[in-house]
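Let me begin by presenting the structure, written as structure tokens, before commenting on it.
Where a number appears in this text, it was derived from the coordinates with a stated rule and is not lab data. Model, not experiment: these values are computed from the prediction. As a convention, Cβ positions derive from the backbone with ideal geometry for all residues, glycine included, and neighbour counts pool all protein chains shown.
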Amino acid sequence: MLAIQSIEDLKNHCDEEPYNEFYLKLNGGCRSTKTIQYFKENDYWYILNHIDDSVSEYESTQDFKNNEHLIFEAMTKNAFFKDGD
């Protein structure tokens, strides 16, 4: 597992492949897994939330930052990781 601590870290460890799995550590030892794709040429983000199979799509990094508060809070608390690294 690899700690992701900034948006730049996330961009560097995320690509257009559909298997970029990340997770947030939650209270009580639980975790929330997400598949995240970043399309650099369009500055476009795709997120699949495994907990409920919901999908979020963002047309810019700023839009992503404005809407994914839990991810960015987890980054600041060293609680956001990439699976498998």
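Any chance region 2-14 includes a residue that's in contact with an Asp or Glu (Cβ under 6 Å, 6 or more places away or on another chain) and of a type outside the set (Asp, Glu)?
Within region 2-14 (the criterion being in contact with an Asp or Glu (Cβ under 6 Å, 6 or more places away or on another chain) and of a type outside the set (Asp, Glu)), the answer is yes, since at least one residue qualifies.
With the requirement that a residue be of a type outside the set (Ser, Thr, Tyr) and in contact with an Asp or Glu (Cβ under 9 Å, 6 or more places away or on another chain), what does region 42-56 give you?
The answer is Asn42, Asp43, Trp45, Ile47, His50.
Being free of Cβ contacts under 8 Å to residues at least 24 places away in the same chain, of a type outside the set (Lys, Arg), surrounded by 11 or more Cβ atoms within 10 Å (Cβ to Cβ) and on the phi > 0 side of the Ramachandran plot, is that true of even one residue in region 56-76?
There is no residue in region 56-76 that is free of Cβ contacts under 8 Å to residues at least 24 places away in the same chain, of a type outside the set (Lys, Arg), surrounded by 11 or more Cβ atoms within 10 Å (Cβ to Cβ) and on the phi > 0 side of the Ramachandran plot.
Give me the pairs: first residue in region 19-31 and free of Cβ contacts under 8 Å to residues at least 60 places away in the same chain, second residue aromatic (Phe, Trp, Tyr) and surrounded by 15 or more Cβ atoms within 10 Å (Cβ to Cβ), beta-carbon distance under 7 Å, and six or more apart or on different chains, which are they?
Leu24/Phe80; Arg31/Tyr23
Quick one: Lys40 ticks every box in (1) under 18 Å from Ala79 (Cβ atoms); (2) in contact with a helix residue (DSSP H, G or I) (Cβ under 8 Å, 6 or more places away or on another chain) bar one, so which box is it?
(1)
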